[in-house]
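This report refers to the structure that appears directly beneath it.
The values are calculated or read from the model by the stated rules, or taken from the named source; none is laboratory data. Quick caveat: nothing in here was measured; it's all calculated off a predicted structure. Positions of Cβ are generated from backbone atoms using ideal geometry, with glycine treated the same way; all protein chains shown enter the neighbour counts. When the accessible area is computed, the model is the full protein with side chains, heavy atoms only, and any ligands, DNA or RNA have been set aside. Shrake-Rupley method; radii C 1.70, N 1.55, O 1.52, S 1.80 Å.
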Amino acid sequence: MAERSSTGLLMMMLDPSPAIAMTLPAEVREKLAELELELSEGDITQKGYEKKRGKLLAPYIPQIQGVDPSLQIEHRIQTSSQVAPPGSKQNKPRAANSRDECFRSDLHTEAVQAALAKYKERKMPMPSKRRSVLVQSSVEACTPPDTSSASEDEGSLRRQGRIASSSPYQAHPSVEHWFNRVIQGSSTSSSASSTSSHPGGRPHHATNTTSASAATVLADLMAHTQLDNHSAPPDVTGLSERSVHAEHPQVASVRGLPRGYTHTSVMETVDGVPVNSRVSSKIQQLLNTLKRPKRPPLREFFVDDFEELLDVQHPDPNQPKPEGGEMRPLNGEPLGVVTNWPPSLLASLQRWGTTQPKSPCLTALDNASKPIYTLTYGKLWTRSQKLAYTLLNKLSTRNEPLLRPGDRVALVFPNNDPVMFMVAFYGCLLAELVPVPIEVPLTRKDAGSQQVGFLLGSCGVTLALTTDACQKGLPKAQTGEVVTFKGWPRLLWFVTDGKHVVKPPKDWHPPIRDASNEIAYIEYKTSKEGSTMGITVSHSAMLAHCHVLTQACGYTEGEIITNVLDFKRDAGLWHGVLTSVMNRMHVISIPYSLMKVNPLSWIQKVHTYKARVAVVKSRDMHWSLLAQRDQRDISLSSLRMLIVADGANPWSISSCDAFLNVFQARGLRPEVICPCASSSEAMTVAIRRPPEMGVPPPGKAVLSMSGLSYGVIRVDTEEKLSVLTVQDVGQVMPGALVCVIRVEGTPYLCRTDEVGEICVSSSSTGISYYGLPGMTKNVFETIPVTSSGAPISDRPFTRTSLLGFIGPDNLVFVVGKMDGLMVVSGRRHNADDVVATALAVEPMKFVYRGRIAVFSVSVLHDERIVVVAEQRPDASEEDSFQWMSRVLQAIDSIHQAGVYCLALVPANTLPKAPLGGIHISETKQRFLEGALHPCNVLMCPHTCVTNLPKPRQKQPGTEVGPASMIVGNLVAGKRIAQACGRDVSQLEDNDQFLYMQDVLQWRAQATPDHPLFLLLNAKGTVANTASCVQLHKRAERVAVALMERGRLNTGDHVALVYPPGVDLIATFYGCLYAGCVPVTVRPPHPQNLATTLPTVKMIVEVSKSVCILTTQAIMKLLKSKEAAAAVDIKTWPLILDTDDLPRKRIPQIYKPPTPEMLAYLDFSVSTTGILAGVKMSHAATSALCRSIKLQCELYPSRQIAICLDPYCGLGFALWCLCSVYSGHQSILVPPLELETNPSLWLSAVSQFKVRVTFCSYSVMEMCTKGLGSQTEALRLRNVNLSCVRTCMVVAEERPRITLTQSFSKIFKDLGLSSRAVSTTFGCRVNVAICLQGTSGPDPTTVYLDMRALRHDRVRLVERGSPHSLPLTESGKILPGVKVIIANTETKGPLGDSHLGEIWVSSPHNATGYYTVYGEEALHADHFSTRLSFGDTQTLWARTGYLGFLRRTELTDASGERHDALYVVGSLDETLELRGMRYHPTDIETSVIRSHKSIAECAVFTWTNLLVVVVELEGSEQEALDLVALVTNVVLEEHYLIVGVVVVVDPGVIPINSRGEKQRMHLRDGFLADQLDPIYVAYNM
């Protein structure tokens, strides 16, 4: 803009009359406008356009040859368009493609293009999506283009014109195009901007002129381009040396690979894990795109709750501050005194109805634009009287009149029936009833309908008036009555058509009183949060407002006015229903449905009726531009005032300019365009007066958007990209006092260069929110004060919710609304401005009808911007992603604000406001509830979340040594954390040691028929039993087979591959009898050989088994064709089946030389995916059985029920060893059978009256999920659990408190004691460390501060305090077991209630890992390690689990105070993020709570990114809803940014037999692209 003033403070551009700048004849301008339109609609090619345009302009170009070339470009562009008035920004109808709004001038588009060009094309990883999700699109996505519209209420114009043609677009504005644009200079006129919408379309002659300045710009740009290409991506991972392949992620080439093609495209990654390159290159791209978050310049921290340091956004020291003096309140001109002014609006109606009955009042049109009915003043008067009489006298319940004066009545009239509405409205006023006009509810679930019901209920509405046609269209119940809408009170519906109303008797006259402060009507308004309020307007305010409008608009009697607005509320009601009657004007009402069919209808009516005034919104002007070519013979010369009702909207200026440009040739005078500003509370706030009133010329301001974000007005000088052009909305209303106050806090007056909320004090504003006295006081009774705190006036002011300032000549400027205000990191952004930026991004056609919603949500103590857009039905994935990444960049450049979430939804799926716009608050609600169902989502938490706590850094050189720790604890009076179970040394039998095989042999002789085992099948019947002698004999046969058929030697390893049952136990003892070492292996799953068989093979190989014992069925399976596909079946060792063995006795049972000899190997896959086998000696085996016997008081007379997998750990010991050792009977329930019969285990417990039972978490989960609703049925089957004293969950993890509690709660009805359920704890080095047992105190629960836990500290808090984590002790420490807590780094002992690694010493510790890989040395210290200080003699085994010991107030059996052991989690599993230690289960718990459809969740890290995998239980449509919810909850509760969200089907997260998640397997599957995810979102 050549003549932009450069002073820092507010200098407005007051436009000279546009005529001066017009050097082109009108017909040339018109032809140019048509050309532009043809091009924008794709009716003409780019080449054709340039040719024709060149011809048209040729005669006028030489006139400016002798000018300095750099200026010349400026001029040429200015003249080459439809010559722009200097300072006007938009001078062309940016037809259909510009989306509805064309919002702020094309400069905006140009700014957006320039901003995007600044970014080099940064490769962002595209989200990947399953095909089925791509296909789903909204059912109504193919509706004809005119069904939707912009939000009428939000003032947004987002709507596409009806023309569906598209013009050829390029996906990227090419660099060359950008250079040309730089050379042209960012002119404010429209030819440069027209090129911006069509990257190819530059006027040729403008590009030939290069000037020195342009060349330097170009050189600079080239330099930048060079630099940008070579700058390496920021190294987020800290692994720069190895991430070489990260520099050029070649996603495209890999994307097309078929699924099973993973082997060839494997590459090594940072951790040496082979990965499919598609996934990892995407992640690598993601790392490359993660710019370090923009940090605020000065840092300071405030304490959130306790010690958590959240970065507090500190004001930028360089931010602009207001410098002007304090503003003075502004008075409107005095209200004129008119002699025959009526005492009330009804008096006016009576006067015209009786003196001018034939005078037309209102003409209604149908959808074909034909007038269907003209209501005269006489008819309005008589029909209103009839209705008033009927309402008061003919409606009664039980002989009581239904309505009394002052009652509220709902008016439910469609937008195409103004006549009936007007009659009903005045009928209510005459009857002294209070009309409450609302929208017609179409379905039971309309957006916001519930809130409207709430308003009606609070107003005490019992009657709704409507038309016959409308009543027929409402949804009906079975009885034929209108349904009661959700949240609505019960209403009586009354149809106001002629046949239902009666003529009043001659002597009845309605009371016509003088205007009083009684309520006249209630107008509804929807707040930012979505609640609906009723604004009450008194009779006197209604009259005063009519008076004020009459004076300000210069209305005269009998004028004709065209009204396009909704006549039920706002300006449509004020001008078209109230003020019109005051002045006996004739209103031509254009229904919304007609505007959709024929956007020109209002202009045609102005022409036909020679209307003097038209009331429209900028959207209506925009629509008419798109259709104006077909009309030659219309004239707008009769208009003296074109009132733009949403003129306060920053984008209205472009519609006004464009409209003037086109219609000036049709008689429209520039000065008749009168923008106005209004709000529901204050009614009309300001309006530009018609030209005949001798007012100052209109003004425009080009403001710096960055200044506005700090609430300061700065005329923009240097930064061309981010500016906002606003037009004034005229002068304050007559008789009003206006001031501008601070938005937050005390209502201080603003300074002259500060943006604030406009407040009005006048007799013509609303008086209250109905039934909401608190809010009323805040809004309708504000007392603005000066900086010294003195009130500026004794009159109360009404807040308008408009943000603006008073400019030169006392013109009012509005820059936004409170409803659209988003305060992000202390800066204010306007939702409408962000919408404008998003809509200016190419291709503009991408957004379906320009429907975009922008709002903010609060996450982690700050507002975050969310953008939701409807995409066109034909948009491809690539298009969507491309558009989304460009929108992010544009908003970042222009508003300097990061977008937190950008979501695309299918066309026509966002909730609609009454006139078709987007219902913002409902959209926000759906977003937060996870009910938006987007089809594409991009989250960018990395760039916009800048207030995370500082990462924790370990201070070098400040490590506290182990000695100091002990001293510190002693000084603090804390004991060293160690505990032990009952001492077993004095219980040692002095006889010789008993081996397990000896025990079985002895039992077979002493109590041969004593039952040891009882196996149940799925039906609950006994499938197999074994007494002592039977088991002994079976074991003998197996031993003989091993020696004779297998020719095995002593000490050979034998793999036992059996389903859970007695065979497994018998073969185990058979191996011991023969002197072999048994290894129990879970058999492969016949339906899933591919994944289960390799594990079997691996254990067999790793354990060096020389023989496999199994059943015939499994033997066939191991050698089958299917097996050959999964493993090499030729390399199996000898396989023997034990189904029918010869009855032979063994000559002698093998007796090991020492108890330290190996008894068996215990193999298990840990949660980190590592196969670990431990060696159990005979001594350890017997010690283990003895400890369990003592803890659980097991004797031959007892029965216990076991529902566990018998292959490893404590499950194996309970299933195979304990019964033989202690002599009790074990009822064996294979967990697999529960899949067909979930009640099997509990029924067995009840049937056998079992006191002690064991299960796993997966069994418990199956029971809670499968039987939760069936407790009644179980009770009828006599299932009674009152016999259970202890039910122990066998686990190697932190107790799952929620699961055990819900299990106890559900089965309490069946008699289960709330104290019965407890957990055990074991691990690889010692399979049973804790076990609740039958005596001793109940398990205790403590609450930890989760945030202290991340810093490896234990801080106990009260139950229910924020960030608290409940933790239950894992049962009692077993007899003979000693536990100590050691520091993981210094290996020194820790004090009571300190977090460290749990170390254990006990006779039943395993003796070491058994591996082939010769890594024994590596793990030697796991089994034999010593403390670095204190007791340095004892040998300990390290469990690899973090936990702490805490001395409780309880006493144990020996009378000592009880020490509780709390397990926090496995060290291998923990995630090190931001210098802190996180336990996956804590993050997973938060995620599962965030949405009802998340069935399960697992998290892991990959190159410092947190990956969250969620299983979706529900329709795939919900998949993308989860992305934002998961990101939000992890940020809020854990202060972590999620890097990747993967949504998968239920059952994808692998879980082992103990019910533990195999997170590392999952990670490998993800990286190898084997999860078949529904959606993968890479958070930017």
Quick check, is ALA1495 open to solvent by 20 Å² or more (accessible area, probe 1.4 Å), aliphatic (A, V, I, L, M), closer than 27 Å to ALA1291 by Cα and not in a helix (DSSP H, G or I)?
-> yes
For GLU1156, state whether it is open to solvent by 10 Å² or more (accessible area, probe 1.4 Å) and more than 50 Å from the chain's Cα centre (by Cα).
-> yes
Hits in the stretch 1473-1491 - residues which are among the basic types (Lys, Arg) and within 14 Å of the chain's Cα centre (by Cα) = ARG1489
Does ALA552 qualify as being over 46 Å from the mean Cα position of the chain (by Cα), open to solvent by less than 10 Å² (accessible area, probe 1.4 Å) and farther than 18 Å from VAL423 by Cα?
-> yes
Close pairs (8 angstrom Cβ cut-off, 6 or more residues apart or separate chains): over 17 Å from VAL548 (Cα atoms) and open to solvent by less than 10 Å² (accessible area, probe 1.4 Å) in the stretch 568-594, part of a helix (DSSP H, G or I) and basic (Lys, Arg) anywhere = ILE588/LYS605; ILE590/LYS605
Among the listed residues PRO401, PRO405, which satisfies the condition of being under 18 Å from GLY427 (Cα atoms) and without any contact (Cβ under 8 Å) to a residue 12 or more places away in the chain?
-> PRO401
If a residue has to be outside any helix (DSSP H, G or I) and surrounded by 20 or more Cβ atoms within 10 Å (Cβ to Cβ) to count, how many in the stretch 1512-1542 make the cut?
-> 11
Is it the case that some residue within the stretch 1233-1256 is assigned to a loop (DSSP other than H, G, I, E, B), of a type in the set (Ser, Thr, Tyr) and without any contact (Cβ under 8 Å) to a residue 60 or more places away in the chain?
-> yes
Open to solvent by 20 Å² or more (accessible area, probe 1.4 Å) and either modelled with pLDDT of 90 or more or within 20 Å of the chain's Cα centre (by Cα) (or both), is that true of GLU863?
-> yes
Can you name the residue in the stretch 340-392 that is without any contact (Cβ under 8 Å) to a residue 24 or more places away in the chain and assigned to a helix (DSSP H, G or I) and, of all such residues, is nearest to PRO435 (Cα to Cα)?
-> LYS379
Across the stretch 383-406, which residue is most open to solvent (accessible area, probe 1.4 Å) among those that are touching a helix residue (DSSP H, G or I) at 6+ places or on another chain (Cβ under 7 Å) and of a type in the set (S, T, N, Q)?
-> GLN385
Looking only at the stretch 1021-1043, decide whether some residue is in contact with a Lys or Arg (Cβ under 6 Å, 6 or more places away or on another chain) and either open to solvent by 30 Å² or more (accessible area, probe 1.4 Å) or not in a helix (DSSP H, G or I) (or both).
-> no
Evaluate the following for ASP514: is it open to solvent by 40 Å² or more (accessible area, probe 1.4 Å) and of a type outside the set (A, V, I, L, M, F, W, C)?
-> yes
Report whether or not PRO934 is modelled with pLDDT of 80 or more and either of a type in the set (Val, Ile, Thr) or open to solvent by 30 Å² or more (accessible area, probe 1.4 Å) (or both).
-> no
Got a number for residues in the stretch 1243-1262 being in contact with a strand residue (DSSP E or B) (Cβ under 8 Å, 6 or more places away or on another chain) and open to solvent by less than 20 Å² (accessible area, probe 1.4 Å)?
-> 11
Can we say THR1386 is of a type in the set (Val, Ile, Thr), modelled with pLDDT of 85 or more, outside any helix (DSSP H, G or I) and open to solvent by less than 50 Å² (accessible area, probe 1.4 Å)?
-> yes
Could you pull out the residue among SER1424, SER1428, SER1454 that is in contact with a helix residue (DSSP H, G or I) (Cβ under 6 Å, 6 or more places away or on another chain), surrounded by fewer than 19 Cβ atoms within 10 Å (Cβ to Cβ) and small (Gly, Ala, Ser)?
-> SER1428
Residue list for the stretch 1124-1155, filter: part of a loop (DSSP other than H, G, I, E, B) and either within 30 Å of PRO1086 (Cα to Cα) or of a type in the set (A, V, I, L, M, F, W, C) (or both) = VAL1127, ASP1128, TRP1132, PRO1133, THR1138, ASP1139, ASP1140, LEU1141, PRO1142, ILE1146, ILE1149
Restricted to the stretch 1551-1572 and to residues being touching a Gly at 6+ places or on another chain (Cβ under 8 Å) and hydrophobic (A, V, I, L, M, F, W, C), the residue least open to solvent (accessible area, probe 1.4 Å) is LEU1571
Condition check for VAL1526: under 25 Å from LYS950 (Cα atoms), at pLDDT 95 or above and touching a helix residue (DSSP H, G or I) at 6+ places or on another chain (Cβ under 7 Å) = yes
Scanning the stretch 669-697 for residues that are in a helix (DSSP H, G or I) and not β-branched (Val, Ile, Thr), the one nearest to LEU636 (Cα to Cα) turns out to be PRO670
Top-ranked residue of the stretch 487-510 - restricted to ones that are part of a loop (DSSP other than H, G, I, E, B) and modelled with pLDDT under 90, ranked as surrounded by the most Cβ atoms within 10 Å (Cβ to Cβ) | GLY487
Please tell me if LEU1461 is closer than 16 Å to GLY1336 by Cα, at pLDDT 90 or above and not hydroxyl-bearing (Ser, Thr, Tyr).
-> yes
Flagged in the stretch 1010-1068 as among the β-branched types (Val, Ile, Thr), over 21 Å from VAL1106 (Cβ atoms) and within 54 Å of the chain's Cα centre (by Cα), in numbering order, are THR1021, VAL1022, VAL1062, ILE1065
Within the stretch 1094-1101, can one find any residue that is part of a loop (DSSP other than H, G, I, E, B) and buried (at least 17 other Cβ atoms within 10 Å of the Cβ)?
-> no
Among residues of the stretch 1159-1172 being in a loop (DSSP other than H, G, I, E, B) and at negative phi, the residue surrounded by the fewest Cβ atoms within 10 Å (Cβ to Cβ) is ILE1170
PRO1083 fails exactly one of (1) in a loop (DSSP other than H, G, I, E, B); (2) surrounded by 19 or more Cβ atoms within 10 Å (Cβ to Cβ); (3) in contact (Cβ under 8 Å) with a residue 60 or more places away in the chain, namely (3)
